[in-house]
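The values are calculated or read from the model by the stated rules, or taken from the named source; none is laboratory data. Source: prediction; values computed, not measured. All Cβ positions, even for glycine, are placed from backbone atoms using ideal geometry, and neighbour counts span all protein chains on display. What goes into the accessible areas is simple: the full protein's heavy atoms, side chains included, and nothing from ligands, DNA or RNA. Shrake-Rupley method; radii C 1.70, N 1.55, O 1.52, S 1.80 Å.
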Amino acid sequence: MNRPNDFPTPATLPTSLDAYALSGSFRVGAFTVHHLSDGLAFGPRQSWFHGIDDDVWMPVLGISDPSAPFPLNFGLFVVVGGGSVTLVDSGFGPEAERFEGIRGGNELLARLAEIGIAPEDVDHVLQTHLHPDHCGGLVQDAPHGAVPTFPRARVHVHAAEVAHWTGPDTAENFMAPYVRSRIEPIAAAGLLRTFAEATAIAPGVTALPLAGHTPGHTVALVADGDRSCLLVGDLAHHPVHFRHHDWHHDLDVDADAHTTARETLCSLAASLGAVVTAPHMPVLTLGRISRDVDPTGAPGDARWSWTRVDPEDVGGVLR
Ligand SMILES: [Zn+2]
């Protein structure tokens, strides 16, 4: 029986990159959700706890040295079912190779081939947001300019996200040139689809805008009957973020909105009984969210708990 808030720590996580799977899958009703890595790295993660005293966050993660290394997966999801193949994010792409000590970087097409998916099989790509590590695989650099990696796929992005990365907000942003090099060829090819509210993208897949990390940050809900899963993008880099909603990544553009978004997400996840996971977590880091309960059995102090889900309970397979 897994205990609430038994968070992954350096003491419980493998310390070798080779020990981490680059691919795995689990089931949501009749749908299969694959978690693929487009690069795995180790490093200190103070950036996940921006502005929070080390003495506050370190004990929760069982460490006493703020530079203790955690694994960081540059992952994405592939939802297969209902006659449709949908990617949720599109990998890091060639920028991954600038990271030292990364494993499996810029290997998205190889990971897809391993699960029997060719680029032309992909019907939809839903971008949680347009940071480089999430949209890098949208295009392939070719002699006469970049071409869409997935030639048939409609690419769905929140309208505010597109405006942010293609407009004056990001004129000086160091990430913008790469982001624009990914999204502009998609728009030119007529494949870009924008949305501004909760929108059904594909059979079983709904885009739920939850802004804060970026202006158009979006979560993917995968649902089949009473089974559901929330692929939360960068609302959480580590399961501890499902409990501590004001522990922010240093790239969050609107911390207050992000805190509210996490509250909304946890409320939804708890009411659905949904499995939650995120691209930056190691493959098959699955959990469920519940409201804290005090010893009398009544709802607790309005905080949320994360409890690990054993992958085998949801048909999980590591590759
Ligand atoms: Zn990210």
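Condition test on residue 246, is it within 30 Å of residue 59 (Cβ to Cβ), at pLDDT below 95 and open to solvent by 40 Å² or more (accessible area, probe 1.4 Å)?
yes
Out of the residues in region 224-239 that are more than 16 Å from the ligand (Cβ to nearest atom) and over 18 Å from residue 126 (Cβ atoms), which is least open to solvent (accessible area, probe 1.4 Å)?
225
Which count do you get for residues in region 63-104 that are of a type in the set (D, E, K, R) and free of Cβ contacts under 8 Å to residues at least 12 places away in the same chain?
So the count comes out to 4.
Is there a residue in region 131-146 that is of a type in the set (D, E, K, R) and within 16 Å of the ligand (Cβ to nearest atom)?
Residues of region 131-146 that are of a type in the set (D, E, K, R), as a first pass: 133, 141.
The next check asks that each one be within 16 Å of the ligand (Cβ to nearest atom); those that pass are 133.
Yes: region 131-146 contains one or more residues that are of a type in the set (D, E, K, R) and within 16 Å of the ligand (Cβ to nearest atom).
Considering every residue within region 180-195, establish whether at least one is over 29 Å from residue 311 (Cβ atoms), in a helix (DSSP H, G or I), among the small types (Gly, Ala, Ser) and within 16 Å of the ligand (Cβ to nearest atom).
As a first pass, look at region 180-195 and keep what is over 29 Å from residue 311 (Cβ atoms): 180-195.
Checking which are in a helix (DSSP H, G or I) leaves us with 180-188.
With among the small types (Gly, Ala, Ser) added as a condition, the list becomes 181, 187-188.
Narrowing further to those that are within 16 Å of the ligand (Cβ to nearest atom): none.
Checked region 180-195: no residue is over 29 Å from residue 311 (Cβ atoms), in a helix (DSSP H, G or I), among the small types (Gly, Ala, Ser) and within 16 Å of the ligand (Cβ to nearest atom).
Filter region 250-288 down to the residues that are in a helix (DSSP H, G or I), open to solvent by less than 10 Å² (accessible area, probe 1.4 Å) and either farther than 14 Å from residue 213 by Cα or free of Cβ contacts under 8 Å to residues at least 24 places away in the same chain (or both) and list them by number. Write out each step before concluding.
Step one: filter region 250-288 for residues in a helix (DSSP H, G or I), giving 255-272.
Next, from what is left, pick out any that are open to solvent by less than 10 Å² (accessible area, probe 1.4 Å): 258, 261-262, 265-266, 269.
Within region 250-288, 266, 269 qualify.
Does residue 202 count as on the phi < 0 side of the Ramachandran plot, open to solvent by less than 50 Å² (accessible area, probe 1.4 Å) and not acidic (Asp, Glu)?
Values: on the phi < 0 side of the Ramachandran plot: yes; open to solvent by less than 50 Å² (accessible area, probe 1.4 Å): yes; not acidic (Asp, Glu): yes.
So residue 202 passes the test.
List pairs: first in region 211-223 and open to solvent by 10 Å² or more (accessible area, probe 1.4 Å), second small (Gly, Ala, Ser) and within 13 Å of the ligand (Cβ to nearest atom), Cβ under 8 Å, 6+ apart or cross-chain?
Cβ pairs passing all conditions: none.
Give region 89-125 a look and list any residue that's touching a Cys at 6+ places or on another chain (Cβ under 8 Å) and surrounded by fewer than 21 Cβ atoms within 10 Å (Cβ to Cβ), or say none.
Those that are touching a Cys at 6+ places or on another chain (Cβ under 8 Å) and surrounded by fewer than 21 Cβ atoms within 10 Å (Cβ to Cβ): none in region 89-125.
Here are the criteria: (1) at pLDDT 95 or above; (2) touching a helix residue (DSSP H, G or I) at 6+ places or on another chain (Cβ under 9 Å). Tell me which single one residue 61 does not satisfy.
Among (1) at pLDDT 95 or above; (2) touching a helix residue (DSSP H, G or I) at 6+ places or on another chain (Cβ under 9 Å), residue 61 violates only (1).
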